[in-house]
Structure formats: structure tokens, C-alpha cells
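Asks: Before we start, here is the structure in question, set down as C-alpha cells.
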Amino acid sequence: MGLRDDIAKVLVPEPELQKRIAELGQAINATYRDEDRLLLICVLKGAFIFLADLVRHLEIRHEVDFMEISSYGAQTESTGVVRILLDLAQSIEGRHVLIVEDIIDSGRTLDYITRNLGTRGPASLRVCTLLSKPDRREIEVPVDLVGFEVPDEFVVGYGLDFAEEYRHLPFIGVLRDEVIQARIGK
Ligand code: PRP
């Protein structure tokens, strides 16, 4: 049995993902057409594949930087207690900034990031997420670009993990319940 067998169903197949990412890229091109160099901030680890595909659709001048945020808590849920594991390599003062996330669930991570970055004086601060789980939202955070809204199921693939695995899958899939239970029950 391979890791692919742990997937109960494919929620967003690869062609659909890639088509939507191209559309998001075009939306970003349009929004920042007249601005100075855009800074895309990739929130590690989950957003690394999304960022890599997204920037290949950009025609505007831009840079990328990385932040890593950790949420404490159970394996499948975030608790709202977050901390910065890796901070940006540069100042964002006066810069147009676009946060690139893989998924917004409770909204707590993004709320923390936007408040934190907001204090650093960016010229503008927007958010682009590949996935959003609106049913799980605990804190309303403004999101400018959303790839797909997904139901409240345990999704993996395309950067999203379960216990650090499954990030490599080229689609968004739903993990089988038995796989989650087997790991959590241990
Ligand atoms: C995930 C995801 C978001 C956050 C969303 O990161 O990448 O940053 O959770 O959840 P929230 O809206 O409830 O805060 P995770 O902590 O799993 O780390 P990872 O990206 O390194 O896998």
C-alpha cells in the first residue's frame, strides 16, 4: 500500500488546481500592474508548492520571501496559539505585500500574521489563499483571493500535510478516517 491508498477521495484534481492557480496569477498581475515590486510572502511549510506554481504565472516585477509559523496543539487542529519559527529576511516598510497561504481554517494563523505584518508599515497588505474552509472560521480575517472553498474534511496534498506526510501529492485529497484514527490513537 502506498500513500496514495490513504486518500478516500480526490477533492480538487490536478488540472482543476492548475487552471485556478493560473487565474489567481492573472488576478495578481492585474491588481499590482501599476505598483512597485510586489513582495509575496509564502507561509511555510504548507504554501511552498502553491507559491512555486503561482509565481510562474506572474508577469509583474516581484520578489518572494518566507515566514514559518507554528501552531501548538493537537495534530489535526490548530489551537490559536502561534509563534514565528522563521521571520522575513527583510523589512516590508513601504512595500506592497501579498501573503500566500495554502489554507485558512479557523483563521487564527492568518489573523496573527496580518496583525504582525500590519505593524511593520507595508504600503498594502493582501491575502491569497489556495483553500478556505469557511465552516471552520473562528476569526473573520479579510481574504482577497481564494482558490477554492472546501468542506470541513481533512484535506492533504499540494503542500498540505498530515503528520508531515502527503505534501507531495499533486492534487487536494481527503484522507481516510482510518488513517487519521490510527495515528491519533497511538
Ligand atoms: C496550516 C496552514 C495555515 C494554518 C491554517 O499550517 O498552512 O497556516 O494551518 O489554520 P488556521 O486558520 O486554523 O490557523 P500548519 O500549522 O498545519 O503548518 P504547515 O503549513 O507547516 O503544515
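Asks: Of everything in segment 5-19, what is open to solvent by 50 Å² or more (accessible area, probe 1.4 Å), touching a residue at least 40 places away in the same chain (Cβ under 8 Å) and closer than 30 Å to Leu85 by Cα? Give them in sequence order.
Replies: None - no residue of segment 5-19 is open to solvent by 50 Å² or more (accessible area, probe 1.4 Å), touching a residue at least 40 places away in the same chain (Cβ under 8 Å) and closer than 30 Å to Leu85 by Cα, so the list stays empty.
Asks: Kindly provide the set of residues from segment 35-73 that are in a strand (DSSP E or B), modelled with pLDDT of 95 or more and within 23 Å of Ile172 (Cβ to Cβ), ordered by number.
Replies: The answer is Leu40, Ile41, Cys42, Val43, Leu44, Val64, Phe66, Met67, Glu68.
Asks: Scan segment 117-134 and give yes if some residue there is touching an Asp or Glu at 6+ places or on another chain (Cβ under 9 Å), farther than 30 Å from Arg95 by Cα and open to solvent by 60 Å² or more (accessible area, probe 1.4 Å), otherwise no.
Replies: Taking every residue of segment 117-134 in turn, none turns out to be touching an Asp or Glu at 6+ places or on another chain (Cβ under 9 Å), farther than 30 Å from Arg95 by Cα and open to solvent by 60 Å² or more (accessible area, probe 1.4 Å).
Asks: Which one is least open to solvent (accessible area, probe 1.4 Å) among residues in segment 74-105 that are modelled with pLDDT of 95 or more and small (Gly, Ala, Ser)?
Replies: Gly94
Asks: Answer with yes or no whether Tyr166 is touching a residue at least 24 places away in the same chain (Cβ under 8 Å), open to solvent by less than 60 Å² (accessible area, probe 1.4 Å), within 11 Å of the ligand (Cβ to nearest atom) and at positive phi.
Replies: yes
Asks: Which of the residues belonging to segment 144-162 are in a loop (DSSP other than H, G, I, E, B), open to solvent by less than 40 Å² (accessible area, probe 1.4 Å) and more than 10 Å from the ligand (Cβ to nearest atom)?
Replies: Val150, Tyr158
Asks: So which residues in segment 78-116 are away from the ligand (no atom under 16 Å from the Cβ), without any contact (Cβ under 8 Å) to a residue 40 or more places away in the chain and of a type in the set (A, V, I, L, M), if there are any at all?
Replies: Selection gives Ala89 alone.
Asks: Are there any pairs, at least 6 apart or on different chains, whose C-beta atoms fall under 9 Å, with the first in segment 117-146 and without any contact (Cβ under 8 Å) to a residue 12 or more places away in the chain and the second surrounded by 15 or more Cβ atoms within 10 Å (Cβ to Cβ) and not hydroxyl-bearing (Ser, Thr, Tyr), and if so, which?
Replies: Gly118/Leu125
Asks: Still on this structure, please answer the following. For the list (1) hydrophobic (A, V, I, L, M, F, W, C); (2) part of a loop (DSSP other than H, G, I, E, B); (3) away from the ligand (no atom under 14 Å from the Cβ); (4) open to solvent by less than 20 Å² (accessible area, probe 1.4 Å), I need the number of the one condition that Val141 fails.
Replies: (3)
Asks: Then there is this: What number goes with the only condition from (1) within 16 Å of Val156 (Cα to Cα); (2) under 17 Å from the mean Cα position of the chain (by Cα); (3) among the acidic types (Asp, Glu) that Glu23 does not pass?
Replies: Unmet condition: (1).
The values are calculated or read from the model by the stated rules, or taken from the named source; none is laboratory data. Here the structure is a predicted model, which means the values were calculated and not measured. For neighbour counting, all protein chains shown are included, and Cβ atoms are generated from backbone atoms with ideal geometry for every residue, glycine included. With ligands, DNA and RNA removed, areas are computed over all heavy atoms of the protein, side chains included. Shrake-Rupley method; radii C 1.70, N 1.55, O 1.52, S 1.80 Å.
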